[in-house]
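These notes concern the structure reproduced below.
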Amino acid sequence: MTQGSNGAVTNVRADASTQSADDGGGKKTESGRLPAVVVYHDIFNLAFIFWLNIANFLFLHTGRHFYLFFYSTMVYFVADLLYVAIVPRSVKSPMVILIHHVITALYLLIPYHYPNYGWCMSYCMLVEINTWLLIAKRTIRMPVVTKLLEAGFYISWVLLRNIFYPYLIFVFYRLWQNETRISGTPWNAIGITPIFQVALTGLNYYWTLSLVMKPSKKKQL
């Protein structure tokens, strides 16, 4: 569940905001183009995350096909983790992305063993709408469309990463309390969910700080 997220993340890629294409791993070549490893990574994410969003909405709407959604998500995070580990220059901050993906992959095991909490995974994965917009806004070269994607990106960033994710911490804490009453012990797997959600929310605010601070850094150069 994400960056997640990331995924757990949420998962923020090589972008002009948190995964800058002109800084670190996404540095442009002399011709002004992005390296092939970054382009391939973007195309993979653009296609796969689009599918994950469809699978998520399908599950939210029907309440069915959870395991299709689950396995699609797990395959994505494992594949992306391996790619970033093998080709770290495909993103600006590979270690942060790897930590995010490991947390998210472990987080995903909870709804796998407790399918009745599949909706929690679904809610967390809504952040991938923002991840897709992040990649799309720099990939699609049509001024009007790009402006719309950029507006959607910033709006969804605040709503999903800065408001909804912190809110889910309290939702999952209440779920843990309920599970404690049912099981008779506080030592149950649901107790991990608020902790993981705090970690992913912390990453979101770290990325938000990077996003806000970037314009100031440019002014100092």
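Quick note: the coordinates plus some simple rules give every number you see, no bench work behind them. Predicted, not measured: the structure shown is a model, and the values here were computed from it. Glycine also receives a Cβ, built like all others from the backbone with ideal geometry; neighbour counts cover every protein chain displayed.
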Tell me, in nm to one decimal, what length is gained between Y71 and I195 on full extension, where the rule is 0.36 nm per residue of separation less the Cα-Cα distance?
42.3 nm
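Residues with beta-carbon under 13 Å from that of T104, excluding T104: net charge, scoring Lys, Arg +1 and Asp, Glu -1? Present the calculation step by step, with values, prior to reporting the outcome.
Values: positive: none; negative: D80, E128.
Residues close to T104 contribute a combined charge of -2.
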For F66, F172, order by how many other beta-carbon atoms lie within 10 Å, fewest first:
F66, F172
Spin-label point model (7 Å from Cα, Cβ direction): what's the H61 to A85 distance in nm?
3.6
Output the peptides 136-146, 41-51 sorted from most to least packed, where packing is the average of other Cβ atoms within 10 Å over each peptide's residues.
41-51, 136-146
In whole Å, what are the Cα extents of the range 116-219 along the three principal axes, biggest one first?
57, 29, 16
